[in-house]
Amino acid sequence: MLIASRQKAAIASVKAGIAEKFRIKNLERARFILGIEIDYDMERRTLGISQKSYTESIIKKFGQENAKPCLTPLEPGVQLTKADEPQTEEDKSQFEVKALFACGKPDVLGVWNAT
């Protein structure tokens, strides 16, 4: 289980609640979970995530090491800020729909496209 919060007291409270019912082991900061690499920069107070290793394993699994690369929706290394968030309800709605298509299950998306 991964617990994250800006407040250490909140993390401690959640851990204490879980520890009342289960034996737990504190592994400190996660570096890799479910194919996602986690990078902390304590000085800049940032947290970055990457699926580079997972992506490379999928590329290798399907023999695509020599495939031609193509542009992604965002340039690699783009740093997003709070100002990049959708501002209007319409923008938020469009973002949610795009997230559904990017992250949704194919069987569900087929139904969505059919309507």
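Data overview
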{"quantity": "Failed item in (1) modelled with pLDDT of 85 or more; (2) outside any helix (DSSP H, G or I); (3) surrounded by fewer than 10 Cβ atoms within 10 Å (Cβ to Cβ), with residue 74 passing the rest", "calculated": "(1)"}
{"quantity": "Pair list, Cβ < 7 Å and 6+ apart or interchain, from the range 29-42 residues that are touching a residue at least 40 places away in the same chain (Cβ under 8 Å) to residues that are surrounded by 13 or more Cβ atoms within 10 Å (Cβ to Cβ)", "calculated": "none"}
{"quantity": "Of all residues making up the range 23-48, the number that are surrounded by 10 or more Cβ atoms within 10 Å (Cβ to Cβ), out of contact with any Gly (no Cβ under 8 Å at 6 or more places or on another chain) and farther than 18 Å from residue 8 by Cβ", "calculated": "7"}
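The values are calculated or read from the model by the stated rules, or taken from the named source; none is laboratory data. All values derive from a computational prediction rather than experimental measurement. When we count neighbours, we look across all protein chains shown, and the Cβ atoms used for this are built from the backbone with ideal geometry, even at glycine.
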